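Structure first, commentary second.
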Amino acid sequence: MDLVLPILTGVLIACSTYLMLSRNLVRVVLGLSLLSNAVNLIIFASGRVTRAIPPLIAEGGTLPPDGYANPLPQALVLTAIVIGFGLLAFALVLTYRSYQELGTVDTTAMRHAEPDTESPYDDLAEARAMRHAAERGTV
């Protein structure tokens, strides 16, 4: 069990990295979900995955016995699962909405959907440059 969790975590991280490097937005979202699950597995494994000793304090004691399973990472993972599911649902809805608007899930094609007009700040920057040049007397 000690060797299975790091190998599984490494495989999940490798698969999620491969998916997130794709140009398909759906694959990017699924890669983000896999990465979230890999991080949850790392946090869960940090709490000593064992069934031998529960984290119970004996009557009259102040500390649990040695080798107990820490419940804090388990609570953190439970919270992270809920947050990850909400993030996944939002990302999938955002992906679907962008597909409706742009007609593609290819990220390079989405970049070309931006307007080619000049920014209104370009005129402002040009006006500032001309004013500074006039103040220096170089115009």
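The values are calculated or read from the model by the stated rules, or taken from the named source; none is laboratory data. All values derive from a computational prediction rather than experimental measurement. Here Cβ is always computed from backbone atoms with ideal geometry, including for glycine, and neighbour counts include all displayed protein chains.
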Any residue in segment 95-119 that's assigned to a loop (DSSP other than H, G, I, E, B): show its pairings with residues that are at pLDDT 65 or above and surrounded by 14 or more Cβ atoms within 10 Å (Cβ to Cβ) at Cβ separation under 6 Å, as long as the two are six or more apart or on different chains. V105/N24; V105/L25; V105/V26; V105/Y99; A113/L102
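Sort out which residues of segment 2-59 are among the aliphatic types (A, V, I, L, M), closer than 19 Å to A91 by Cβ and in a loop (DSSP other than H, G, I, E, B), and write them in order of number. Steps first, answer last, please.
Residues of segment 2-59 among the aliphatic types (A, V, I, L, M): 3-5, 7-8, 11-14, 19-21, 25-26, 28-30, 32, 34-35, 38-39, 41-43, 45, 49, 52-53, 56-58.
Subset that is closer than 19 Å to A91 by Cβ: 12-13, 19-21, 25-26, 28-30, 32, 34-35, 38-39.
Within segment 2-59, just L21 meets the criteria.
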Filter segment 102-138 down to the residues that are surrounded by 10 or more Cβ atoms within 10 Å (Cβ to Cβ), acidic (D, E) and modelled with pLDDT of 65 or more and list them by number. D106, E126
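Could you please let me know if L72 is under 14 Å from the mean Cα position of the chain (by Cα) and part of a helix (DSSP H, G or I)?
Values: under 14 Å from the mean Cα position of the chain (by Cα): no; part of a helix (DSSP H, G or I): yes.
For L72, the condition - under 14 Å from the mean Cα position of the chain (by Cα) and part of a helix (DSSP H, G or I) - is not met.
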Somewhere in segment 66-75, is a residue touching a strand residue (DSSP E or B) at 6+ places or on another chain (Cβ under 8 Å), modelled with pLDDT of 75 or more and within 30 Å of L34 (Cα to Cα)? no
